[in-house]
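Below is one structure, written out as structure tokens; comments come after it.
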Amino acid sequence: MGIKSFVIDPDAVAYTNDEIVDKINAATADITRASSVSAAARPIEALEVDSTELADSAVTGARVRASETLTLTNQPLDTETVTLDSKVYVFQDILTDVDGNVKIGATVALSIANLISAINLNGTAGTDYATAMTLHPTVQAVAGTGDSIDVEAKDAGTTGNSIASTETLTNGAFGGATFGGGTDSKLAGGAAKDDLDGVSYKDRKYVKTDPETGEFRILGIQRDAAGDLDIDYDDQAAT
């Protein structure tokens, strides 16, 4: 049986018994896995640790942003719309100053450029799109192949697959009514291991405890020479 200790609060001066209990509960709330076990024998569960604490072999692929493509076959017509997520863009022959309004350009390419500028809030406000335009909160856009616009979610992952992509265009269409292709990173099956052995105990907030249960038993509470409140605990299974 080994005796270990850790500091609850280095700034503590004095605690009542109830306060000590609260401090112990707060300090141990993050103890969710024993780190006395080698990484080779320690499988991880999804979302249990963050990406900085994962072994290289644990992740099978990076997160991918969902996306969709809008293709125009000719000019958009006055008052026709493009909807991305919950924001509606309205093409206009004569531009009025309402958030969402986009100027129809002299060519298809210019109309596409104006819509991209409106989505990303660059270009020239008051000329390419309404001065009142606001930046799209969830998507960004770039010119695609030919007369098309590639729009992607700002945040990577599967949540972007639910972003709406609809239009009322006579001369254009999206590839689908919602974005697609967004993926989350995945953990390799049973071979995935965490990499906590390479993370300092202060960063990982883990203590060496029973390898199977992660439990520990408080043996004593005292102050060290610096006045810090120390907890002695048994690093074997609690009984």
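Identify, by number, the condition in (1) in contact with a His (Cβ under 6 Å, 6 or more places away or on another chain); (2) free of Cβ contacts under 8 Å to residues at least 12 places away in the same chain that Ile119 doesn't meet. Single failed check for Ile119: (2). In the range 78-101, the residue that is farthest from the chain's Cα centre (by Cα) out of those that are loosely packed, with under 15 Cβ neighbours inside 10 Å and either at positive phi or in contact (Cβ under 8 Å) with a residue 24 or more places away in the chain (or both) is Asp78.
In the range 154-168, is there at least one residue being under 24 Å from the mean Cα position of the chain (by Cα), part of a strand (DSSP E or B) and under 19 Å from Ala66 (Cα atoms)? Reasoning before the result, please.
Pass one, the range 154-168, residues under 24 Å from the mean Cα position of the chain (by Cα): 154-165.
Checking the rest, the ones that are also part of a strand (DSSP E or B) come to 164-165.
Still in the list and also under 19 Å from Ala66 (Cα atoms): 164-165.
Yes; the residues of the range 154-168 include at least one that is under 24 Å from the mean Cα position of the chain (by Cα), part of a strand (DSSP E or B) and under 19 Å from Ala66 (Cα atoms).
Within the range 167-190, the set of residues being crowded, with 17+ Cβ neighbours inside 10 Å, within 20 Å of Thr79 (Cβ to Cβ) and not small (Gly, Ala, Ser) comprises Glu167, Leu169, Phe174. Screening Val90 against (1) in a loop (DSSP other than H, G, I, E, B); (2) at pLDDT 95 or above leaves a single unmet condition, (1). Looking only at residues of the range 97-132 that are in contact with a strand residue (DSSP E or B) (Cβ under 8 Å, 6 or more places away or on another chain), part of a helix (DSSP H, G or I) and hydrophobic (A, V, I, L, M, F, W, C), we find that the one that is nearest to Lys87 (Cα to Cα) is Ile119.
The values are calculated or read from the model by the stated rules, or taken from the named source; none is laboratory data. Keep in mind it's a predicted model, so treat the numbers as computed, not measured. No Cβ is skipped: glycine too gets one built from the backbone with ideal geometry, and neighbour counts run over all protein chains shown.
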